[in-house]
Structures are given as C-alpha cells and as structure tokens.
Amino acid sequence: EQLKGAVTFEHVSFRYPGMSTYVLKDISFHIRPGETVAILGSTGAGKSSILQLIPRLYDPTEGAVYVDGMNLKDVKMDDLRKRIGFTPQESILFSGTVEENLAWGKSDATLSEMKAAAQDAQIHETITDLKDGYETKLGQKGINLSGGQKQRLSVARALIRKPNILILDDSTSALDLQTESKVLDAIDKYKCTLFIVTQKLSTAKRADKIMLIDDGKIIEEGTHDQLMNTSTLYREIAYS
Ligand code: DUT
C-alpha cells in the first residue's frame, strides 16, 4: 500500500472557519510509521483540533500536514478514508444492527472480519450476549449500549479497515484500565500509527511519544521516562 503512516505537522496554526481566535498555534512534530502517540492536556487545549486535521475534517489555516511526506492536500480523499481510522470523541452509532454499524465505512466487510475486529476491541462477547448477536438492532427501537460499549464498537469499526493511522479521540475514556490495556495490546498487532487522547497514565506510559497540549501549543513532549525527569507539569499529572 501507498501509505505507511508517518505524520508530520509543519508550523500548523488553525482557527475554526468564521472564528477569529487561533486554537492551534504553530504546531510542529514528526511521527514515524507505527509509533504510538499519547496526547494529554486539559479540556479545550486543542487535542481534538489537532487530530481532526489528519483525516482532513478541517485544513490548517497556516502550515501543512503531511502523511508519508505527502501534503494531505495532494492525497486522494479516497486513499485517506481507506487508510485513516478515526473515532471521534462522541461515538457515532446509528439505528441499525450491530453488523451494519460495524460495516459503516467498509460495506464489503465480512462477518469474520467484523468478529476479529470486535474481538480486538473487546466487544465481541458483549455482542454475542445480545438477543440477536450481530444482528441485534441498536438505537431508538433497539438496544441501548453503555458509553464504554459504544466506544469499543467504534474502535472495532475503525479496526475493520486495518488503518495505517488510527486516531482514538478519547475513545477509550470509559474503559477500565484492564480493558483499555487489552484493546491497546490488540491494536499493537495492527502495527499502525496510533494517536490516542487519554487521561490514563498507563496509556501514556506505553506511548513512544507523549505530547502535552495547552492553549493550542505542544508544551512538552517525550516518553514517560523522559518527562518524569524533565517536566514538573507531567510529574504533577502523573502523581495526581
Ligand atoms: N472549538 C471551536 N469549534 C469547534 C471545536 C472547538 O471553536 O468546533 C474551540 C473550543 C476550544 C478550542 O477550539 O477553545 C480547542 O478545542 P478542542 O476540542 O480541540 O480541545 P480538546 O483539548 O480536545 O478539549 P476536550 O478535552 O474538552 O475535548
């Protein structure tokens, strides 16, 4: 395949269309294919805004984003869609069966692909326990899932496409430490580049790079061990 999963931000500044204030200010970083990046920062810091630029939900106001050295603007949207898995902060599930929800975005997904992804996202057993298994209807007239179950279903949906770049925007926040760690162990096998917004120290610890975001800027970056040595702010987060 074309994309391997390197992601580069070059002097990216960003304001939402129609807004005058910049929510991202001169962000630069380079992530190698297969690396895991944990993104930490308080609410409104700009974490989601950074991540939304990778699947081109928005384009930078200034600067540029590159995937495998290609400016995103020169990559076919179709290639991007196939290669980038993105689970937004609020999982988007619609009224339809579990199967239909899983196959959203990859309509040719086979049942065995769905089951494999669901197993990796630690949601397969929940699904098989439902009245009609993978054919159970969700939503208004169907079953309502818990927050954590919805999150795991969205992760499964993203995994089905075997993305080169996986972006989990706070999509594991409702999972307990053990379940999250099982999901992350499974994601490791996909060898994709992973961006994960998290508040969990256990998740930050396993990242190749942690980025601390504040007020639209990267204020610290490094591994857990590096930041424990160099960053008072990170130590405060770690001990809180
Ligand atoms: N913002 C907008 N319009 C949007 C989304 C966000 O103006 O559609 C603003 C709100 C905030 C800034 O952008 O001042 C950064 O928001 P973002 O959602 O990127 O921050 P976060 O770090 O992801 O916050 P949270 O942890 O609450 O999701």
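Condition (residue is within 13 Å of the ligand (Cβ to nearest atom), among the polar types (S, T, N, Q) and modelled with pLDDT under 95) applied to the range 27-42: is it met by at least one residue? Within the range 27-42, one or more residues are within 13 Å of the ligand (Cβ to nearest atom), among the polar types (S, T, N, Q) and modelled with pLDDT under 95.
Does Ala204 count as more than 16 Å from the ligand (Cβ to nearest atom) and not in a strand (DSSP E or B)? Here the answer is no, as Ala204 does not meet what is asked.
Taking the criterion of being basic (Lys, Arg), within 26 Å of Gly222 (Cβ to Cβ) and within 16 Å of the ligand (Cβ to nearest atom), would at least one residue in the range 54-70 satisfy it?
no
Within the range 49-67, is even one residue more than 20 Å from Cys192 (Cβ to Cβ), in a strand (DSSP E or B) and open to solvent by 30 Å² or more (accessible area, probe 1.4 Å)?
yes
Counting only helices (runs of 4 or more DSSP H) that sit wholly inside the range 77-121, those with at least 3 residues that are free of Cβ contacts under 8 Å to residues at least 24 places away in the same chain and more than 23 Å from Ser48 (Cα to Cα) are 111-120. Within the range 126-180, the set of residues being open to solvent by less than 50 Å² (accessible area, probe 1.4 Å), part of a loop (DSSP other than H, G, I, E, B), away from the ligand (no atom under 16 Å from the Cβ) and of a type in the set (Gly, Ala, Ser) comprises Gly139, Gly142. Among the residues of the range 7-35, those identified as part of a loop (DSSP other than H, G, I, E, B) and farther than 21 Å from Leu184 by Cβ are Arg15, Tyr16, Pro17, Gly18, Met19, Ser20, Thr21, Tyr22, Val23.
Would the range 92-99 turn up any residue that is aliphatic (A, V, I, L, M) and open to solvent by 40 Å² or more (accessible area, probe 1.4 Å)? So far as the range 92-99 goes, yes, one or more of its residues are aliphatic (A, V, I, L, M) and open to solvent by 40 Å² or more (accessible area, probe 1.4 Å).
Report, by residue number, each residue of the range 100-118 that is open to solvent by less than 70 Å² (accessible area, probe 1.4 Å) and of a type in the set (Gly, Ala, Ser). The answer is Ala103, Gly105, Ala109, Ala116, Ala117, Ala118.
Just a yes or no: is a residue in the range 229-237 part of a helix (DSSP H, G or I), closer than 21 Å to Thr43 by Cα and charged (D, E, K, R)? Yes, the range 229-237 has at least one match.
Kindly establish whether Ser20 is within 16 Å of the ligand (Cβ to nearest atom), open to solvent by 40 Å² or more (accessible area, probe 1.4 Å) and in contact (Cβ under 8 Å) with a residue 12 or more places away in the chain. The answer is no for Ser20. Only one of the numbered conditions (1) more than 9 Å from the ligand (Cβ to nearest atom); (2) in a strand (DSSP E or B) is violated by Lys4, and that is (2).
The values are calculated or read from the model by the stated rules, or taken from the named source; none is laboratory data. The model shown is predicted, which means the values in this text are computed figures rather than measured ones. Cβ coordinates were reconstructed from backbone atoms using ideal geometry, including for glycine residues, and neighbour counts include every protein chain displayed. To get the accessible areas, we keep the full protein, side chains included, count just its heavy atoms, and leave off ligands, DNA and RNA. Shrake-Rupley method; radii C 1.70, N 1.55, O 1.52, S 1.80 Å.
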